[in-house]
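Input: a single structure, listed below in structure tokens.
The values are calculated or read from the model by the stated rules, or taken from the named source; none is laboratory data. Just so you know, these numbers come straight off a predicted model, no measurement behind them. In this analysis, Cβ positions are derived from the backbone assuming ideal geometry, glycine residues included, and neighbour counts consider all displayed protein chains.
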Amino acid sequence: MNMPLEKQFEYGFAKISDLRVAAVRDEAGNLPHIAGVELKGQPIHATPRFWRSFFSRFHVAENTFRYFSHAEVFQRISTISPCETFRYCLETKENGNSNILAISPPSRPLIEYEEVLDLIGRYEGDDITYHEGVVRSTHAPRSGEHPVEIGGDGFKNRYVLTVPIDGHGLPKIHLALLRLLCTNGAIGHHRAFRTDINLGKDIKYSVGRVLDRYDNDNGYAALWQRFESAQNSWASLREAQQLYKIILQQRGSKHHDEEDSKVIRDFYAMSGRPHELYGVANLDTFTEKRQRLLPTQCRVYDLINFASEIATHKSSPADALSLQGFIGGLVADEYDLEGTAEGGREFEDFLSSPDPIETTTPSRN
């Protein structure tokens, strides 16, 4: 079992009046830029997870801050809300700075980071990652991994457990398939392949019971069928563009090294260079309806393999989650060109090769 690095967390209770936010407004009337946050006088970094939980806890819309300052909103909550007290979770970084994760009602059951790791170790979890208040691990179902061959590729049944350690949201299970040739994990991050774990008073007991007993024969059979259909369906331009834009946002805007540029070029080559195929510089000139009808030169299964390869081997936890979400949404719905590719074919073990590819990078549209 690969254990994540040690993390330091601090839990406590506070009131809205303990929060201070320094924000800068622009003349355009956009949402203010947050310059600094303090909790009980301590400077902290407020994560997106903190703000999502804040909006949910106090039923406040984000755009409220476009019209009222944070101090005004906090004061109003303190005046009229009988439940302004909240529990918070601080994550201490290696440099000594603290991130505030989600806030939650003081009475809500909570499972801490060390308890989650203890459960994962007890039930032989693997591929453990932590990101912004959530621990993720991969497990085999109770009945076993059941190796299965789909169109010549071998797979094993797995599932991914996600457990929040800051009290916001439910623990969840997502079905997953492990492609054996290249150890890519394709995770069904979609409600169709998700199971929420109901909380009792003891979260550790509830999660442990699920880890001990979880299985889902019907869910895995449905996932197998969708993968088989993906092998026999041409990927539409719309489907390819969805994945391309996710990769471009992650690799093209945040990173600028050769490896990230190569990932974009590899995707362009894998999809059959659709800009050249259809003779346009900007594929978004086609309407969405038209994009659904235009095939690329790859199959839906290639998109799944490319996304899972980048998510498994070449992405941060946050970027991997976005890519796995694409896979889940793609597999859960009917493919645009379902069943249009006749005959089987052998699929590449790896679609993002280690060698540079000589080709032109497409435009960013």
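Hey, any hits in the range 152-171 for a residue that's outside the structural domain of Ser316 (by TED's automatic domain parsing), more than 30 Å from Arg57 (Cα to Cα) and in contact with a Lys or Arg (Cβ under 7 Å, 6 or more places away or on another chain)?
Yes, the range 152-171 has at least one match.
Among helices (runs of 4 or more DSSP H) lying entirely in the range 266-336, which contain 3 or more residues that are crowded, with 18+ Cβ neighbours inside 10 Å and of a type in the set (A, V, I, L, M)?
Numbers: elements: 274-278, 288-293, 300-313, 317-332.
The helices (runs of 4 or more DSSP H) meeting that bar are 300-313, 317-332.
Please tell me if Pro82 is modelled with pLDDT of 90 or more and farther than 27 Å from Asn30 by Cα.
On the way: modelled with pLDDT of 90 or more: no; farther than 27 Å from Asn30 by Cα: yes.
No.
Take the residues in the range 58-96 that are touching a residue at least 60 places away in the same chain (Cβ under 8 Å) and surrounded by 17 or more Cβ atoms within 10 Å (Cβ to Cβ), then tell me which one is farthest from Asp166 (Cα to Cα).
Selected residue: Ile77.
Filtering the range 37-57 down to residues that are in contact (Cβ under 8 Å) with a residue 40 or more places away in the chain and part of a helix (DSSP H, G or I), which residue is nearest to Glu10 (Cα to Cα)?
Step by step, filter the range 37-57, then rank; the result is Phe50.
For Phe68, all conditions in the list (1) within 30 Å of Lys7 (Cβ to Cβ); (2) part of a loop (DSSP other than H, G, I, E, B); (3) at pLDDT 90 or above hold save one; what is the number of the exception?
(1)
Yes or no: the range 15-22 includes at least one residue that is among the aliphatic types (A, V, I, L, M) and within 23 Å of Gly169 (Cβ to Cβ). Walk me through it before giving the result.
First, the residues of the range 15-22 that are among the aliphatic types (A, V, I, L, M): 16, 19, 21-22.
Imposing the further condition that a residue be within 23 Å of Gly169 (Cβ to Cβ) reduces the set to 16, 19.
Yes, the range 15-22 contains at least one residue that is among the aliphatic types (A, V, I, L, M) and within 23 Å of Gly169 (Cβ to Cβ).
Name the pairs: first residue in the range 195-214 and closer than 19 Å to Ala140 by Cα, second residue of a type in the set (Gly, Ala, Ser), Cβ to Cβ under 9 Å, at least 6 apart or on different chains?
Hits for this filter: Thr195/Gly219; Ile197/Ser206; Ser206/Gly200; Leu211/Gly125.
Regarding Ser352, is this residue at pLDDT below 85 and more than 21 Å from Ile187 (Cα to Cα)? Write out each step before concluding.
On the way: at pLDDT below 85: yes; more than 21 Å from Ile187 (Cα to Cα): no.
In short, no.
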